[in-house]
């Protein structure tokens with residue numbers, strides 16, 4: 001299996017630290033990128049990071065300032081929802097929201113592969129990532 005570049009999109013620096021440590025233990029990890037909100041994530045998804053790397057997988061929180069995860073998903077749908085999308089990453093929504101509405105909206109988005117509730121055990125995250 002080839003290495004996968006991952007993008008963590010979350011405004012909680014403590015959570016980002018824990019997830020990054022978990023991802024570093026995954027044997028198929030490539031570059032790990034960080035975005036503190038959906039706006040920064042959208043730029044990385046569209047243009048790559050400072051190394052011009054693009055993410056293969058995005059771990060996306062829903063509740064963030066500037067641009068929420070939900071707004072990011074809407075933006076991706078508007079840009080690539082009805083046409084052939086460029087290589088878009090697989091998105092895992094990882095949130096503390098237990099709202100049935102958030103789950104339904106996320107799971108109905110064609111870019112979302114999984115909807116997971118925080119906290120996610122490292123082994124569980126590795127299992128989901130391995131399926132990609």
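The values are calculated or read from the model by the stated rules, or taken from the named source; none is laboratory data. The structure displayed is predicted, hence computed values, not measured ones. Positions of Cβ are generated from backbone atoms using ideal geometry, with glycine treated the same way; all protein chains shown enter the neighbour counts.
A few points about this structure:
- Of residues in region 26-37 being at pLDDT below 95 and either within 12 Å of the chain's Cα centre (by Cα) or over 21 Å from residue 88 (Cα atoms) (or both), the one surrounded by the most Cβ atoms within 10 Å (Cβ to Cβ): 26
- Residue match in region 56-77 (condition: under 20 Å from residue 39 (Cα atoms) and loosely packed, with under 14 Cβ neighbours inside 10 Å): yes
- Residues within region 105-132 that are assigned to a helix (DSSP H, G or I), surrounded by fewer than 14 Cβ atoms within 10 Å (Cβ to Cβ) and in contact with a strand residue (DSSP E or B) (Cβ under 9 Å, 6 or more places away or on another chain), tallied: 2
- Test result for residue 19, surrounded by 12 or more Cβ atoms within 10 Å (Cβ to Cβ) and in contact (Cβ under 8 Å) with a residue 40 or more places away in the chain: yes
- The set of residues in region 90-103 being modelled with pLDDT of 90 or more, surrounded by 11 or more Cβ atoms within 10 Å (Cβ to Cβ) and over 15 Å from residue 19 (Cβ atoms) consists of 90, 103.
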